[in-house]
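Enquirer: One structure coming up, written as structure tokens, with questions to follow.
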Amino acid sequence: MTEVARTEPAEANLTRAIQGDMSAFAEILREHQAMVFSLAFHCLGDRALAEEVAQDVFLQLHRNLAEIESAAHLKFWLRRVTANRAIDITRRRRWWPKFGLDDVAEPVLAPREADHLLSRKLRRLIAALPERQRVIVVLRYQEDMDPSEIAAVLDMPVATVKSYLYRALSVLRKELGGKTE
């Protein structure tokens, strides 16, 4: 791929992808795959499921590409579809066996910077939240979205998002031994 193709604006890439240019679609995938995987992983807590969700989301995007209106709409659409898939899977997982590799420490080559969202205890606490609260916490703190953006992605009132977020943070504070308001 040439340097010119890498520096094309996102809108031009989207237009080319809609017209059937597979290299433009591949560029869109490269640009957004980390966000989609990260959102799915932090909602589900399972790398394999997150990869599966990301693959499904991009397949669905490919099928529905003509419906995407702009680069901003694309990002919104990807977040919405990923969040909804994560919620659906979480609901189904209630009936799955309760074992996995999450209890086994991952090998680390070099010390990483402390990331509170990734700490083991906080991950477990977030994973224990009800699915809507968990998705809202991830969208707020992992994806750095404000409540109005989250409301648009999840198709719910802003006040409801704030209420879910407040309840989730109260539970997390209580479990971490912090003060509750």
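Enquirer: Taking ALA83 and the conditions (1) over 17 Å from VAL135 (Cβ atoms); (2) modelled with pLDDT of 90 or more, which numbered condition does it fall short on, given that it satisfies the others?
Expert: The single condition ALA83 does not satisfy is (1).
Enquirer: Let me ask another. Counting just the residues of segment 45-96 that are of a type in the set (Ser, Thr, Tyr) and closer than 22 Å to ALA10 by Cβ, which one comes out surrounded by the most Cβ atoms within 10 Å (Cβ to Cβ)?
Expert: Step one: of segment 45-96, the residues of a type in the set (Ser, Thr, Tyr) are 70, 82, 90.
Right, trim to closer than 22 Å to ALA10 by Cβ and you get 70, 82.
Numbers: SER70: 12, THR82: 28.
For segment 45-96, the residue satisfying everything is THR82.
Enquirer: Run down ARG85, ARG92, ARG80 and say which single residue is free of Cβ contacts under 8 Å to residues at least 12 places away in the same chain and either in contact with a Cys (Cβ under 6 Å, 6 or more places away or on another chain) or not assigned by TED's automatic domain parsing to the domain that holds ALA128 (or both). Walk me through how you get there before you give the answer.
Expert: Details: ARG85 fails: free of Cβ contacts under 8 Å to residues at least 12 places away in the same chain; ARG80 fails: free of Cβ contacts under 8 Å to residues at least 12 places away in the same chain.
The conditions single out ARG92.
Enquirer: Follow-up question, since we're still on this one. Which pairs have Cβ atoms under 8 Å, sit 6 or more apart or on different chains, and link a residue in segment 147-170 that is touching a residue at least 24 places away in the same chain (Cβ under 8 Å) to one that is among the aliphatic types (A, V, I, L, M) and outside any helix (DSSP H, G or I)?
Expert: Between residues of segment 147-170 that are touching a residue at least 24 places away in the same chain (Cβ under 8 Å) and residues that are among the aliphatic types (A, V, I, L, M) and outside any helix (DSSP H, G or I), the close pairs are VAL153/MET145; ALA168/LEU129.
The values are calculated or read from the model by the stated rules, or taken from the named source; none is laboratory data. Since the model is a prediction, treat every value here as computed from it, not as a measurement. Note: ideal-geometry Cβ built from the backbone for every residue, glycine included; neighbour counts use all protein chains shown.
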